[in-house]
Amino acid sequence: MSASLLPVASPVPEKRFSFLRAMLLALALEGLVFVSLVAWVNSEPKTVGLRRKPMAVHFVTLPKPPRPHPIVRPRPLPKPQPVPPKPRPIVHHRPVPLPTPVKKVPPPRPKAVPRPPTPPPPPSRAVVAQAVDRYAVMLRTRIQQGLVVPPRVAALHLSGKAVVAFELTPAGRLLWVRIMRSSGIGAIDRAALAAVRDRSYPSFTKSMPQRATVFRVRVGLNDRRHRF
């Protein structure tokens, strides 16, 4: 087929068809809008009367809020005071003393030592013997005067004598005593021993030997109460 035999479409009917289609679409849109409005109006909920129940109101006392703690602000630290400088010690310079000349001191003279006093010469044997005899006589007299005879012995008129030996220190202290020769009567011997023990004695004289000495004294009585 040749190109001259094909039909040629006219442009006028195509324009009419598009206009009609637009009009139909517009009408359809308006109908949808109208229907949606009617449906929205009819869909509003109707208010229905509801019974209201009485409400109970309770008053509750709320606790007091706690007091706020006071804000303690730290005290500012005191400013350190400046330390005063230490005073310098005052040094006093003493003048140095000049050395004094040393004087020569002569040596001390030796002191004369006093001589001890010369002791007196010892007494002779005769003087010592006499001093001891005098002291022994004094002892015999003192002991004989202190002799105490029991009354029953004196009532029997008995007589007897005993020799008593004893030792004395230079201070006159008795060391011991015993019967050297018995009188034969026990009461007289015991009385003689008691007479020696119960006496006090003086110290030795200077002429006597300064050592413990033993003395022998005769003590007793006779029927006439004569002392021996």
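Couple of notes before you dig in:
- Among Leu193, Leu25, Leu77, a tally of other beta-carbon atoms within 10 Å of each Cβ gives an order, fewest to most, of Leu77, Leu25, Leu193.
- Residue order, fewest to most surrounding Cβ atoms within 10 angstrom, among Leu168, Leu147: Leu147, Leu168
- Length gained when the stretch Thr118-Arg134 is fully extended (0.36 nm per residue, less Cα-Cα span): 2.9 nm
- Restriction of the trypsin sites (Lys or Arg not before Pro) in the stretch 133-193 to DSSP coil positions whose beta-carbon has at most 15 other beta-carbons within 10 angstrom yields Arg173.
- When you count the other C-beta atoms within 10 angstrom of each residue and take the mean per peptide, 102-109, 29-36 line up highest first as 29-36, 102-109.
- Rg/Rh for the stretch 97-145, where both radii come from Cα atoms and Rh is the Kirkwood radius: 1.73
- Cα-projected label distance for Arg109 with Ala154, points at 7 Å along beta-carbon direction, nm: 7.8
- This ranking places Arg88, Arg21 by how few other beta-carbon atoms lie within 10 Å of each, fewest first, which gives Arg88, Arg21.
- Whole-Hz ³J(HN,Hα) from phi, Karplus 6.51 cos²θ - 1.76 cosθ + 1.60, for the stretch 122-137, glycine and proline x: x, x, 6, 4, 5, 5, 5, 4, 5, 5, 5, 5, 5, 5, 5, 4
- Taking 0.36 nm per residue of separation and subtracting the Cα-Cα distance, full extension of the segment from Val91 to Leu175 would add 22.0 nm.
- Multiplying the residue separation of Leu32 and Gln145 by 0.36 nm and removing their Cα-Cα distance gives an extension gain of 22.3 nm.
Readers should treat all values here as calculations from the given coordinates under stated rules, not as data from a laboratory. If you're wondering where the values come from, they're calculated on a predicted model, not measured in any experiment. All Cβ positions, even for glycine, are placed from backbone atoms using ideal geometry, and neighbour counts span all protein chains on display.
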